[in-house]
Amino acid sequence: MVTNIKSNFSLLKGVAATALISVALFIPGAAFADGALFFENLNVSTGNGGVMDVPVFDVDNTTKLIGTNYSVELSYGAIGTPDDQLIPLPATISSFNTNPIFAGYFNHSTIQLPGISVGSQARLQVFAWDNQGGTLISYDSASVRGASLSFDSLPLADLFGPPSSIPFLQGMQSFHLAQSVPEPATGCLALVGAVVFLFHTRKRGRSGKRVSGR
C-alpha cells in the first residue's frame, strides 16, 4: 500500500513538472524571450541604464539633425559580431524629432532584438542618412549618410517587465553625416580598363617602331 502511494506521488510530480515546462514554453515572455531596449539616443534620467546624450550631426559636424528629411536605423548582432555582419532591423527605421529643442535626437521606440535573449548583450550600430524628402528609404541608397561606431549594449530586458529595467543605447557615441563617393559601376570600370589597356598597347607599338627604325 505504501509502495503504491509513493509510486503515485512520484508520477504526479513528473506530470506537474511536465506541465510547468509546457506553460513556460507557451506563455509569452516566460522563457527564451527576445530582449528589449529603447531605441533612443537621449535619456535624462538615471534609470534605464543611466543618463545618455549623444546627438547626431549633419555634414558640418555642428548642425544637429532635425525633422523627417533624415532617417535612422539600427543594426545588431550577437556580442563579437563583425561590423559587416550586423543585421539591419527595418522595424527601427524612423525620423528625427521635429522640435528644435530636441534636434539631433531620433524619435524613440521600444524594440526587441530577434535572437538575442533577455539578459544578454548585443553588438549594435546606428545608421543615419538624408532621405531626400522621403525618396531614399535605405542607408545604402543615400549619398549623404553616416554611422556610429559599433558598441555593446547593456543587458537586454524583458519587454513585459518594469519599464525602468529596459536600457537605452548606452555605449553609443555621437557621429555626423558625410558626403559619400559612389562606387563606379562594373561597366564603367571595364570601360576604363579597356581604354588603359589600348593606350599602353599603342604606346608599346610606337616605341617598338622607333627602335626598329634606328
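Read the figures in this text as sums done on the coordinates, not as results from a lab. In this text the structure is predicted, and so the values were computed from the model without any measurement.
Quote the Stokes-Einstein diffusion coefficient, in whole µm² s⁻¹, for segment 28-89, based on the Kirkwood radius over alpha carbon pairs, a temperature of 10 °C and a viscosity of 1.306 mPa s. Walk me through the numbers on the way to the answer.
Numbers: Rh = 14.9 Å.
Rounded to a whole number, D works out at 107 µm²/s.
Computed extension gain for Thr46 through His108, at 0.36 nm per residue and net of the alpha carbon distance, reaches 20.6 nm.
Would you mind calculating the gained length between Ser138 and Asn69 on full extension (0.36 nm times residue separation, minus the Cα-Cα distance), in nm to one decimal? Don't jump to the answer; show the numbers that get you there.
Numbers: separation 69, 0.36 × 69 = 24.84 nm, distance 1.26 nm.
Length gained, Ser138 through Asn69: 23.6 nm.
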